[in-house]
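Chemist: I have a structure I would like to understand better, so I am pasting it below and will then ask my questions one at a time.
Read the figures in this text as sums done on the coordinates, not as results from a lab. Computed from a predicted model, the values in this text were never measured in an experiment. Because the Cβ atoms are built from the backbone with ideal geometry, glycine has one as well, and the counts that use them run over all protein chains shown.
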Amino acid sequence: MTRLRVDGVPVELPAGATLLDAVRAVGAELPTLCHDDRLPPAGFCRTCLVDADGRTVAACVTPATPGMTVDTGNEHVRELWRDAVALIASTLPRRALAEASPSELAETCRLLDIDPDTAAASPGHEPDDSHPYVRLDPDLCIACGRCVRMCSDVQGTFALTLTGRGADTVAAPGTGGPWAESDCVSCGGCVDTCPTGAITQPGPAAGLTSRRPEPAPVRTTCGYCGVGCALDVVVREGEVAAVLPARDGPVNRGHACVKGRFAHGYLTSSERLTEPLVRRGGVLTRVGWDEALGVVASGLRAAVGQGAPDAVAAISSARATNEENYLVQKFVRTVIGTNNVDNCSRLCHAPSAAGLTASFGRAGGTDSFDDVEQADCLLVVGANPVEAHPVVGARLLQRALDGAVLVVADPRGVGLARHADVHLPNRPGTNVALFHGLAHVLVDEGLTDPGFLRDRAAGLDELTPLLAEYPPARVAAITGVPARDIVAAARYYGRAEHPAIVYGLGVTEHLHGTDGVRALANLPILRGAVGATGRGFGITPLRGQNNVQGASDMGALPDLLPGYGHVTDPAARARAEAVWGRPVPTTPGLRIPAMFDAARDGRLRALWIIGEDVCATDPDSTRVAEALDACPLVVVDELFAGETARHADVVLPVASWLEKDGTFVNFDRRFQRVRTAVGPPGGARTDFAVVHAVAAAMGADLGCRTPAAALAECGRLAPDFAGISHERLDREGALHWPCPSPDAPGEATLYAGTFATSDGRAHLAAPPYLPPGEEPDADYPLLLVTGRRWAHYNSGSMTRRGANLGLDPQGHLDLHPEDAARHGVRDGAPVVVDSRHGQARLTARVGGDLAPGQVFCAFHFPDEHVNSLTSGHADTATSCPEYKVTAVRLRPAQE
């Protein structure tokens, strides 16, 4: 610790602190026009001057040293402040210091009694209004560089630069053209950091930043991807004026992406559902809630009467809160009497849950992302976090730019792959072979941890002979990755002091996705880099939707109860029955694909779909629609009348994540609060209220009247969550599970003492490589991979109803120039894509990010019918669809 005195007050600071930290520790403030706590100190503006042991120094870049005496209160220092700030202000036009200006510079001038007329420069630049979320007024720029450094040092996009010379230097897009045509990904970091108002968000949010939001914003957790960014929602007259990244957010640390920060226009869309709809004479007709609930209740009773409880099923929602998911599965099990409940983790990370549980004992990542970020070697597999999880992508990129080795295994050369020390562009569907090839090198070159393998692992004797069959040369032939790169990647990982693995849907969404997770988990086990050994940071899955982890944690699964107790386990059932006072069915229920099969076969007579547009997001979507049409009762909870709602018998209008109360669990097992910022429109209700209302219409009482009570009840039957409550989260902010008691801190890093498997050991797996469900042939010569784009999310139901649509207005098919030439396709031209299952129309985008023979597209635009292309092949262990490998052909569309 460093001890010094500031204005006569003794201060104790940790090593590495600056004088600015010391000044703030005594409650004093300094002007800091080039400083942002999220950025390394720069010392450009010279406004934070202090006297330190008789010397005048810039506080932001001067280290605090023991025994130093610092003075901020003498008139000499204050005159220096005024002179420095006034000189900066003099280069700006009058509006920079206007009385209504909320900028940091204007507020500083007011505090220092600097006359507004000091700003008297003549305007010289036209503002750039081309971007929907960012406005640039170059006349207000003081060339402090904060926006440029925010874009590079935090976001990692490098879209901004300082242009011009001398007094004419201003911030501008690096491409030299309009902002809307730049590389900007609309994170809003430049808006937050700009001290003068040169970069602002237009419209009602003008002047609002995370540094100085309006009084009492509502703190909540983002409802888009699974990162779990903490956000502050500014509300004016009952509407959201701005969504700002929380400076103290445990995961995002004052950062956000275009979706969490800006994509909330859907809240007030004229297309929002505000009243229940019931199908009459083939037409969805508006009705009151009582009538709609009556139709649902009578339909559920009829289904049970005609086919027993197993004739009813529910698809719960990874976009809903934990408390809503808990209530849904409780309703299905105790009111209906079946285990037919599932959630969309079935379509993305079910192989993660199965694979990680088999390897380590729990269905979540092994380490906190705070630790992962400290790794000296990052192995990123089957993920493009720069687009799909931008805040995590930015943090990983910064770690790599700070010197960590970055190895990326992904068919496409996008995002982090562009910065990788080694990029492994393996052929889609060959993950297991690639991971075995890496493991082969670790074993062959002695890059394993013999002590860990002896004392804390099992399965090495079975794995070793299998790995002998996967030398780099053979793996290269299977995967298309050069053998030398396989060896280099394995050496980087095996020789690192603290390696970490981060992976995404490119590992799980395969015919052998669970095998892929297990083969990948072999690497940290072999390396001894898991289990709090101090030799690495394990393995972490990047969850897709905001509450994929939580929906499964809460038991919205056909075979698992809250806390992952199996429905066939008498002890797990007994815990639930003791809390619920009702018997729990003993037979595992239907998974989502089996629900659709049962509907087409006439065995399923009622299906309740909550917050999931299955006709747009599920594979082989034509067959999904057939299943819905065959089912006598389909109930849909939704924000908008999407593809699935068009096949429903009852549509119930519900609240979005900004309109409800509860909790989410993010990708590294972190519980965080979700709070109501605004009320839902019209008669829309939260899913929590809807489930209660349906139960009441059936004469049942689910108890737990509030979300807080629901989470408390869950904790009574799921020991891992027993120490987590709304009250505690309100006080502490976030908690990792497992957290078994109110005085337990929560385990950010798992398996410090023992693994949660039956024998307490980590289990190596030896699955052989098996080919994917589809392979290209003469009729369908290309392999299609589907995924996400940075501006949109999932089926696009929220992001397409706002200005994000202007940033990315249509779907694209990415393809290699050789394939474009071979198939007569021009860049920017419409194309028709055919598979054995369906047809889609997209716009070609020709580039070098993909290998020849592979194409990529997203599924954000339902009208393009991308998921009609994907097959019914699914992971053999979990039924997760094989989204990442579909054989297709293409041709130019008739324009």
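Chemist: I'd like the Karplus ³J(HN,Hα) series for the range 114-128: coefficients 6.51, -1.76, 1.60, θ = phi - 60°, whole numbers in Hz, and an x wherever there's a Gly or Pro.
Modeler: 3J(HN,Hα) across the range 114-128, in whole Hz: 8, 4, x, 5, 4, 7, 9, 5, 7, x, x, 10, 7, x, 9.
Chemist: Same structure, new question: Taking K and R as +1 and D and E as -1, what net charge do the other residues with C-beta under 13 Å from the C-beta of residue 87 add up to?
Modeler: Every neighbour counted, the sum reads 0.
Chemist: Please turn the phi angles of the range 331-342 into ³J(HN,Hα) values with the Karplus equation 6.51 cos²θ - 1.76 cosθ + 1.60 (θ = phi - 60°), one per residue in order, whole Hz, x for glycine and proline.
Modeler: The phi angles translate into 4, 4, 7, 9, 8, 7, x, 9, 9, 6, 9, 8 Hz.
Chemist: Tell me the relative contact order for the chain as a rounded percent, counting alpha carbon contacts under 8 Å between residues six or more apart.
Modeler: 13 percent
Chemist: If you don't mind, another one. How big is the C-alpha Rg of the chain next to the rule-of-thumb value 2.2 N^0.38 Å, as a ratio?
Modeler: Normalised Rg, Cα atoms only: 0.97.
Chemist: Tell me which residues come under 5 Å, amide H to amide H, from residue 608 once H is placed; ignore anything under 5 positions away on its chain.
Modeler: Hits under the 5 Å cutoff: 313, 314, 315, 635.
Chemist: When the Cα centres of the range 402-443 and the range 798-828 are compared, how far apart do they sit, in Å?
Modeler: Comparing the Cα centres of the range 402-443 and the range 798-828, I get a distance of 26 Å.
Chemist: Can you give the calculated 222 nm mean residue ellipticity of the chain, where each DSSP H run of n ≥ 4 adds -39,500 (n - 2.57) and the sum is split over every residue, rounded to the nearest 500 deg cm²/dmol?
Modeler: -8000 deg cm²/dmol
Chemist: Using packing as a proxy for protection, rank 163-169, 537-543, 304-310 so that the peptide with the highest average count of other Cβ atoms within 10 Å comes first.
Modeler: Top to bottom by mean Cβ count within 10 Å: 537-543, 304-310, 163-169.
Chemist: What net charge is computed for the residues neighbouring residue 849, neighbours being all others with C-beta under 11 Å from the C-beta of residue 849, Lys and Arg scored +1, Asp and Glu -1?
Modeler: Charge balance near residue 849 sits at +1.
Chemist: Give the long-range amide H neighbours of residue 849: residues separated by 5 or more places, or on another chain, with amide H under 5 Å away, using H modelled in the peptide plane at 1.01 Å from N.
Modeler: It is none; the list stays empty.
Chemist: Taking the C-alpha atoms of the range 122-268, how large are the radius of gyration and the largest Cα-Cα span, Dmax, in Å?
Modeler: Rg, Dmax (Cα atoms, Å): 15.1, 48.
Chemist: Going by Cα centres, the range 854-871 and the range 484-561 are how many Å apart?
Modeler: Computed from Cα coordinates, the inter-centre distance equals 27 Å.
Chemist: May I pose another question? Given a Förster distance of 56 Å, report the FRET efficiency between residue 121 and residue 484 from their Cβ-Cβ distance, rounded to the nearest 0.05.
Modeler: 0.45
Chemist: Can you tell me which of 733-742, 574-583 comes out highest on packing, and rank the rest after it, using the mean Cβ neighbours within 10 Å?
Modeler: 733-742, 574-583
Chemist: Also: Excluding residue 22 itself, calculate the net charge of residues whose Cβ lies under 12 Å from the Cβ of residue 22, where each Lys or Arg counts +1 and each Asp or Glu counts -1.
Modeler: Here the count lands on -1.
Chemist: Something else: Say each of residue 37 and residue 77 gets a label point 7 Å from the Cα, pointing the same way as Cα to Cβ; how far apart are those two points in nm?
Modeler: Modelled inter-label distance: 2.0 nm.
Chemist: A further question follows. Considering all projection directions equally, how large on average is the shadow of the alpha-carbon convex hull of the range 2-89, in square nanometres?
Modeler: 5.3 nm²
Chemist: Tell me, how many Å apart are the Cα centres for the range 175-251 and for the range 690-730?
Modeler: 33 Å
Chemist: Write down the Kirkwood hydrodynamic radius of the range 782-892, to one decimal in angstroms, obtained as one divided by the mean of 1/r over all alpha carbon pairs.
Modeler: 14.3 Å
Chemist: Along the range 285-297, what does the Karplus equation 6.51 cos²θ - 1.76 cosθ + 1.60 (θ = phi - 60°) give for ³J(HN,Hα), rounded to whole Hz, x for Gly and Pro?
Modeler: Calculated HN-Hα couplings, in order: 10, 5, 9, x, 4, 4, 5, 4, 5, x, 5, 5, 4 Hz.
Chemist: What is the Cα radius of gyration of the range 62-206 over 2.2 N^0.38 Å, N being its residue count?
Modeler: 1.15
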